[in-house]
Amino acid sequence: MRTRKNPGPRQEAFLKAATALFLEKGFDGVSVRDILDTVDDKSSSPSVLYYYFPSKEDLYRSCLERAIRDYITSLEEALTTEVRSEEERVILLISCIDRDIL
């Protein structure tokens, strides 16, 4: 009987590669083959990606959801961080926006 690998690292690799490609080229500019090539899986068929994500649209949605969660987390951390002044808090918030959105 064949042992199953932990799907987490492979799924994570697809998410990271897809996020970078979607940011660079947009949804329509990225193919499943581009994502496979970026994770250095040039010999695999697209069905490998579809094992982890039902469609390219679902992968895109997962990338967006992760980006939104990360952004909200960074804002919450900036708001709850002990700082000396409101000016420092504003600087922290602006740096979150600058890093995560712009």
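On inspection, residue 19 qualifies as of a type in the set (Val, Ile, Thr), touching a residue at least 40 places away in the same chain (Cβ under 8 Å) and either surrounded by 11 or more Cβ atoms within 10 Å (Cβ to Cβ) or in contact with a Leu (Cβ under 8 Å, 6 or more places away or on another chain) (or both). Can you pull out the residues in the stretch 65-78 that are open to solvent by less than 80 Å² (accessible area, probe 1.4 Å) and within 18 Å of residue 23 (Cβ to Cβ)? Result: 66, 67, 71, 74. For the stretch 27-45, a residue qualifies if it is open to solvent by 50 Å² or more (accessible area, probe 1.4 Å) and at pLDDT below 90, and the qualifying residues are 40, 42, 43, 45.
Checking the stated criteria, residue 27 turns out to be in a loop (DSSP other than H, G, I, E, B) and either in contact with a Phe, Trp or Tyr (Cβ under 9 Å, 6 or more places away or on another chain) or within 19 Å of residue 8 (Cα to Cα) (or both).
The values are calculated or read from the model by the stated rules, or taken from the named source; none is laboratory data. Keep in mind the model is a prediction, meaning the values are calculated, not measured. When we count neighbours, we look across all protein chains shown, and the Cβ atoms used for this are built from the backbone with ideal geometry, even at glycine. Side chains included, ligands, DNA and RNA excluded: accessible areas come from the protein's heavy atoms. Shrake-Rupley method; radii C 1.70, N 1.55, O 1.52, S 1.80 Å.
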